[in-house]
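The structure appears right after this line, and notes come after that.
The values are calculated or read from the model by the stated rules, or taken from the named source; none is laboratory data. Note that the structure is predicted; figures quoted are calculated from it, not measured. No Cβ is skipped: glycine too gets one built from the backbone with ideal geometry, and neighbour counts run over all protein chains shown. Accessible surface areas use protein heavy atoms only, side chains included; no ligands, DNA or RNA. Shrake-Rupley method; radii C 1.70, N 1.55, O 1.52, S 1.80 Å.
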Amino acid sequence: MYPAKFDYYRANSVEEAVKLLAENSDAKLLAGGHSLIPAMKLRLTQPALLIDIGKIDSLKNIKANGSLEIGALATHARVAASADVKKWFPALANAASLIGDQQVRNFGTIGGNIAHADPASDPPTVLIAAGATIHVRGASGTRAIAAEDFFVDLFTTALEPGEVVTKIEIPNLSGRKSAYAKMSHPASRYAIVGVCAVLSMEGDTCKEARLVVGGAVAHATRLSEAEAVLKGKKLDAAALKAAADAAIAQVGDDAMGDITAPADYRRAMVGQYLQRAIQSALG
Amino acid sequence: MKISVKINGKTVERDVDPRMLLVHFLRDELGLTGTKVGCDTSQCGSCTVHLNGEALKSCTFFAVQADGAEITTIEGLAANGSLHPMQEGFWEKHGLQCGYCTPGMIMASVAFLKKHAHPTEEDIRHGLEGNLCRCTGYHNIVAAVKAASEKMGG
Ligand SMILES: Cc1cc2nc3c(=O)[nH]c(=O)nc-3n(C[C@H](O)[C@H](O)[C@H](O)COP(=O)(O)OP(=O)(O)OC[C@H]3O[C@@H](n4cnc5c(N)ncnc54)[C@H](O)[C@@H]3O)c2cc1C
Ligand code: FES
Ligand code: FES
């Protein structure tokens with residue numbers, strides 16, 4: 001399958017990419033291409049110009065220094081293998097290692113993933129749970145968007161036209177316990193349900209829980225009802241069950257369904273995977 | 001657009017339409033038809049090649065993106081006329097039925113072993129999640145990869 005014709009330009013810097021985007025209203029960025037190219041082949045999208053940012057090396061760095069910074073072009077394979085990510089926020093390394101397959105992880109990027117905002121993606125869920133910040137650059141300068149505000153709807157983000165994601169910043173989570181639990185689609189490996197838990201504990205008691213669900217709903221969303229249930233509680237089986245019930249109630253009619261996993265099934269699995277994420281975070 | 005790519009050790013230069021997929025560049029422009037198109041939707045892995053040593057589904061990449069890269073296809077795996085240990089493994093363990101998925105399976109397996117030298121059977125099954133065999137001969141494929149990993153010192 002061939003996509004519709006387009007012009008191709010390889011950008012050498014973020015500034016150049018921003019300028020080209022500003023000058024061409026029908027242009028799209030090309031990062032790893034692992035969401036965009038399949039969509040172009042199906043002619044679901046037909047941009048007139050592709051601006052390839054794949055060779056901008058300054059966007060590929062991962063570094064930990066006060067906070068963890070991941071360049072938009074870091075591939076899923078590099079995020080999964082990074083010693084800094086594993087140490088700083090193991091749930092993200094784990095989520096990245098569960099994406100698709102080795103070929104997809106080698107070329108797909110974290111920036112492309114969040115910009116695409118597929119509801120069945122993994123990174124949005126863990127980035128919201130971490131309280132991450134998305135740094136972007138556009139024609140009028142840079143801005144920082146909280147991950148929680150970045151994902152707006154199905155395939156829709158808070159990015160303005162012409163903005164480029166440059167890096168993702170994850171705050172210092174030392175002392176927190178975190179884990180991601182995922183039910184993968186049996187063929188594509190995309191998330192049917194994914195839940196990330198980031199917990200602050202004092203002994204057995206949960207001081208604060210950040211719980212986020214993806215896959216089952218239109219965009220990754222905090223499970224605030226379940227978070228409230230766990231605050232100040234001992235995380236025993238009864239508390240986990242109460243949190244799961246609260247999560248199921250919050251997801252309610254927002255649960256999405258398809259031929260592989262109908263809405264009621266996904267809703268029920270949100271409760272299951274919430275408990276698994278918490279148990280696995282507690283170790 | 002003009003691109004220059006090193007394929008199986010040989011540099012080639014060609015003028016390509018930006019929308020030409022890497023798999024078509026390899027097959028239709030260069031006649032390297034060992035690389036197959038199975039699904040054409042990024043699922044099956046039969047189009048797997050190595051780009052700068054990493055396994056890639058070449059149906060999900062434009063030839064222009066490969067400008068300046070080194071690519072290895074199934075045709076480039078045997079060295080000096082002797083089969084790669086992975087190719088031998090597939091031969092000896094009968095890791096193929098119709099053979100359509102085989103080039104992609106072999107390229108994916110070689111890349112996988114580079115990162116996991118001592119895989120268990122389960123590691124191999126996970127490692128090859130991006131490759132489908134329509135003949136469903138997975139049992140022997142896994143045996144072939146295991147045999148190759150042992151031969152390669154795993
Ligand atoms: C078979 C298969 C299985 C997959 N399974 C999973 C899975 O299990 N979990 C999962 O999370 N994902 C999965 N994916 C998707 C994968 O993670 C993609 O890599 C990712 O969604 C897109 O990243 P990319 O770098 O390939 O972006 P591209 O495809 O290049 O771009 C995607 C979109 O983002 C825009 N964009 C890219 N970079 C930027 C940037 N820096 N700033 C602003 N906009 C940008 C592009 O213009 C485009 O609209 C799968 C993909 C495939 C093909
Ligand atoms: S043909 Fe490329 S993944 Fe199937
Ligand atoms: S051997 Fe026939 S598709 Fe795998």
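Okay, residues lined up against (1) among the hydroxyl-bearing types (Ser, Thr, Tyr); (2) not assigned by TED's automatic domain parsing to the domain that holds residue A:160:
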residue: A:17; (1), (2): no, yes
residue: A:38; (1), (2): no, yes
residue: A:67; (1), (2): yes, no
residue: A:70; (1), (2): no, no
residue: A:73; (1), (2): no, no
residue: A:99; (1), (2): no, no
residue: A:110; (1), (2): no, no
residue: A:117; (1), (2): no, no
Inset, instruction - Identify all residues within the range B:41-58 that are within 8 Å of chain A (Cβ to nearest Cβ), buried (at least 18 other Cβ atoms within 10 Å of the Cβ) and either of a type in the set (Ser, Thr, Tyr) or within 16 Å of ligand 3 (Cβ to nearest atom) (or both); write none if there are none. - result: B:42, B:43, B:45, B:48, B:57
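What do you reckon, is residue B:139 away from ligand 1 (no atom under 16 Å from the Cβ), assigned to a helix (DSSP H, G or I), under 26 Å from residue A:98 (Cβ atoms) and away from chain A (no Cβ under 13 Å)?
When the stated conditions are applied, residue B:139 passes them.
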Legend entry - Condition check for residue A:254: at pLDDT below 95 and of a type in the set (D, E, K, R): no
Legend entry - Qualifying positions in the range B:89-109 - in contact with a helix residue (DSSP H, G or I) (Cβ under 7 Å, 6 or more places away or on another chain), away from ligand 2 (no atom under 12 Å from the Cβ) and not aliphatic (A, V, I, L, M): B:89, B:90, B:92, B:93, B:94, B:95, B:102, B:109
Legend entry - Output for the range A:244-258, where each listed residue is touching a residue at least 24 places away in the same chain (Cβ under 8 Å), more than 18 Å from residue A:215 (Cβ to Cβ) and open to solvent by less than 70 Å² (accessible area, probe 1.4 Å): none
Legend entry - Positions within the range B:13-40 being within 11 Å of residue B:103 (Cα to Cα) and open to solvent by less than 50 Å² (accessible area, probe 1.4 Å), in sequence order: B:34, B:35, B:36, B:37
Legend entry - Any hit, the range A:102-123, residues being away from ligand 1 (no atom under 11 Å from the Cβ), buried (at least 21 other Cβ atoms within 10 Å of the Cβ) and either under 23 Å from residue A:63 (Cβ atoms) or in contact (Cβ under 8 Å) with a residue 60 or more places away in the chain (or both): no
Legend entry - Extreme residue, farthest from ligand 1 (Cβ to nearest atom), among residues of the range B:83-116 that are small (Gly, Ala, Ser) and over 20 Å from residue B:51 (Cα atoms): B:89
Inset, instruction - Would you point out which residue out of A:37, A:70, A:56 is facing another protein chain (nearest Cβ under 10 Å), touching a Ser or Thr at 6+ places or on another chain (Cβ under 9 Å) and crowded, with 18+ Cβ neighbours inside 10 Å? - result: A:37
Legend entry - Restricting the range A:74-101 to residues that are farther than 17 Å from residue A:124 by Cα and open to solvent by less than 50 Å² (accessible area, probe 1.4 Å), the residue that is nearest to ligand 2 (Cβ to nearest atom): A:101
Inset, instruction - Report yes if some residue within the range A:190-211 is at pLDDT 95 or above and over 26 Å from residue A:147 (Cβ atoms); otherwise report no. - result: yes
Inset, instruction - Could you list all residues from the range A:1-26 that are within 13 Å of another protein chain (Cβ to nearest Cβ) and without any contact (Cβ under 8 Å) to a residue 40 or more places away in the chain? - result: A:2, A:5
Inset, instruction - Pairs only if they're at least six apart or on different chains, beta carbon under 7 angstrom, first in the range B:90-113 and of a type in the set (Asp, Glu) and open to solvent by 20 Å² or more (accessible area, probe 1.4 Å), second within 16 Å of ligand 1 (Cβ to nearest atom) and not in a helix (DSSP H, G or I); list them, first residue then second. - result: none
Inset, instruction - Being assigned to a helix (DSSP H, G or I), under 30 Å from residue B:105 (Cβ atoms) and more than 13 Å from chain B (Cβ to nearest Cβ) is the filter here, so list the residues in the range A:93-121 that pass it. - result: A:93, A:94, A:95, A:96, A:110, A:113, A:116
